[in-house]
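J.: Quick one: structure below, then a few questions.
The values are calculated or read from the model by the stated rules, or taken from the named source; none is laboratory data. Just so you know, these numbers come straight off a predicted model, no measurement behind them. Cβ placement follows ideal geometry from the backbone for every residue including glycine, while neighbour counts extend to all protein chains displayed. Quick note on the areas: whole protein, heavy atoms, side chains included, nothing else; ligands and nucleic acids left out. Shrake-Rupley method; radii C 1.70, N 1.55, O 1.52, S 1.80 Å.
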Amino acid sequence: MMDKKPHIKPYLYGMLAGFGAIALSIIFFFLIYRFQGFGNAISKVTGILMPFIYGAVIAYLLKPVCNTVENFLRRLLPEKMGSTANMLAVAFSLLFGILVVYALFMMIVPQLVTSVTTLYYTARNNIRDFVDWASKQEIIASNEQLLDFIETSYDKLQANLDTWVKETVLPSMQSILSGAAVGVMSFVAFLKNFVIGLIVSVYLLASRKKFGQQGKLILYSLVKRRWADLFLEEICYADKMFGGFINGKILDSAIIGVLCYIACLIFKFPSALLVSVIIGVTNVIPFFGPFIGAIPATLLILIQNPIKALWFVLFVLVLQQVDGNIIGPKILGNTTGLSSFWVLFAILLFGGLWGFVGMIIGVPLFAVIYDIIKKLVLHGLKRNEELEMVNTYHDHFGDPEDE
């Protein structure tokens with residue numbers, strides 16, 4: 001007997017698909033038309049959640065230390081004291097992070113004040129010494145016009161410096177003092193967010209395993225197991241990529257900073273500690289980091305001793321070769337799997353979007369995006385029965401060690 005009832009499922013699916021397409025088009029148009037307002041709303045929400053962002057970043061950076069300490073304590077303590085081992089690991093990790101930041105702060109600030117003061121007096125003395133040296137040269141001393149020009153230029157430089165201090169720096173102190181309130185409020189807001197972020201990081205570190213299981217429960221409750229497994233696999237890959245790259249880069253940069261400081265002491269470069277901190281911190285940035293750090297460090301030495309500045313440039317070139325060919329590959333290996341072109345692309349793209357932070361996280365973030373695109377391409381080739389194209393590509397352009 002024929003079923004006379006019409007089948008409405010195809011029509012229902014078609015109606016839902018059309019409604020979804022229209023809704024997405026409206027949302028896309030709204031985002032473009034109201035992009036500035038949407039950006040302001042995102043900024044406001046980000047500002048409100050900034051303590052949680054700070055806490056998440058702190059917890060993520062301290063997670064390897066916390067896991068290592070907890071595994072060590074679990075081998076020493078009885079099994080029933082697992083929660084105690086977890087809390088001790090969290091406390092040690094947080095203390096370790098605070099001590100590292102405090103040590104960097106105490107090394108940088110006094111050295112920075114000393115270097116700025118030294119640079120000011122050294123620059124004045126070097127200019128005076130140069131004028132005295134030039135005045136004693138036979139070619140200049142026999143030429144009264146050239147000698148008068150040098151002396152006049154030096155007098156004008158001194159007069160302009162005094163005028164700048166009296167008419168620009170001193171009057172601007174009033175505006176500096178008036179703007180100090182804004183600066184103090186900004187610092188207080190940052191300090192508040194940072195302190196709350198530390199508290200949030202304690203909760204995140206202490207409950208990191210619990211939150212991970214809760215996230216899995218939510219994920220598997222929303223989508224089918226196949227898609228949940230794929231999503232979880234990509235999350236694990238992203239965690240491996242970010243954790244391995246950022247923590248490895250921090251360790252690599254710390255080693256480079258220590259080596260630079262030892263060499264600066266041996267070769268007696270000026271401002272050894274400040275120069276080493278600059279080289280170490282900027283080395284966290286892939287590709288451009290060595291050049292970004294070498295420029296201000298060389299200028300610091302150049303003002304005090306031009307000859308040693310030249311030797312310092314040669315030393316930095318050697319140090320970066322050692323880092324790029326020996327230290328870096330030993331610590332990082334080929335963590336991202338990206339070619340030099342895509343590394344440069346990621347740094348420029350995310351550095352332009354998010355500044356210094358974007359230059360640091362841009363490479364692992366783009367590596368995750370690259371991996372997702374690669375898996376989508378492989379899935380599409382498999383669906384279209386064109387997987388032999390992968391073998392052809394691999395034979396011509398692929399890495400022989402890549403399966």
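J.: Between L191 and S207, what is the label-point separation in nm under the 7 Å Cα-to-beta-carbon projection?
T.: 2.9
J.: What does the charge count near G257 come to, summing +1 for each Lys or Arg and -1 for each Asp or Glu among other residues with Cβ under 13 Å from its Cβ? Mind showing how you got there, number by number?
T.: On the way: positive: K249; negative: D252, D323.
Here the charged neighbours net out to -1.
J.: Still on this model: Each label point is 7 Å from the Cα along the Cα-to-Cβ direction; what then is the distance between the points at D395 and L232, in nm?
T.: Reported label-point gap for D395 and L232 is 3.9 nm.
J.: Give me the compactness ratio for region 192-282, meaning the Cα radius of gyration over 2.2 N^0.38 Å. Provide the component values of the computation, followed by the final result.
T.: Numbers: Rg = 20.9 Å, N = 91, 2.2 N^0.38 = 12.2 Å.
Ratio of Rg to 2.2 N^0.38 Å for region 192-282: 1.71.
J.: When 1/r is averaged over all different Cα pairs and the result inverted, which Kirkwood radius in Å belongs to region 201-254?
T.: By the Kirkwood definition, the hydrodynamic radius is 12.9 Å.
J.: On to the next question. How large is the dipole of region 345-397 about the Cα centre if only Lys and Arg carry +1 and Asp and Glu carry -1, each at its Cβ, rounded to the nearest 20 debye? Write down the numbers at each step before the final one.
T.: On the way: 4 positive and 5 negative charges, 45 e Å.
Computed charge dipole of region 345-397: roughly 220 debye.
J.: Per residue, how much accessible area does region 242-323 show when a 1.4 Å probe rolls over the protein heavy atoms, in square angstrom?
T.: 46
J.: 7 Å from Cα along Cα→Cβ at both L61 and I108: what's the point-to-point distance in nm?
T.: Distance between the two pseudo-spin positions: 1.0 nm.
J.: Follow-up question, since we're still on this one. Applying the Karplus parametrisation 6.51 cos²θ - 1.76 cosθ + 1.60 with θ = phi - 60° to the phi angles of region 240-250, what ³J(HN,Hα) value in whole Hz is obtained for each residue in order, glycine and proline being reported as x?
T.: 5, 5, 5, x, x, 6, 5, 5, x, 5, 5
J.: Could you list the trypsin sites (Lys or Arg not before Pro) in region 224-313 that lie in coil according to DSSP, counting only those with at most 14 other Cβ atoms within 10 Å of their Cβ?
T.: Sites meeting the loop and neighbour criteria: K224, K268.
J.: Another question about this same structure. Which pairs break 18 Å Cα to Cα here: K192/K249; K210/K375; K63/K209; K268/K308; K268/K330?
T.: Going by Cα-Cα distance, K192/K249; K210/K375; K268/K330 fall outside the 18 Å limit.
J.: Something else about it: Leaving out ligands, DNA and RNA, and with a 1.4 Å probe, what % of the accessible surface on region 293-368 is carbon or sulfur?
T.: 76
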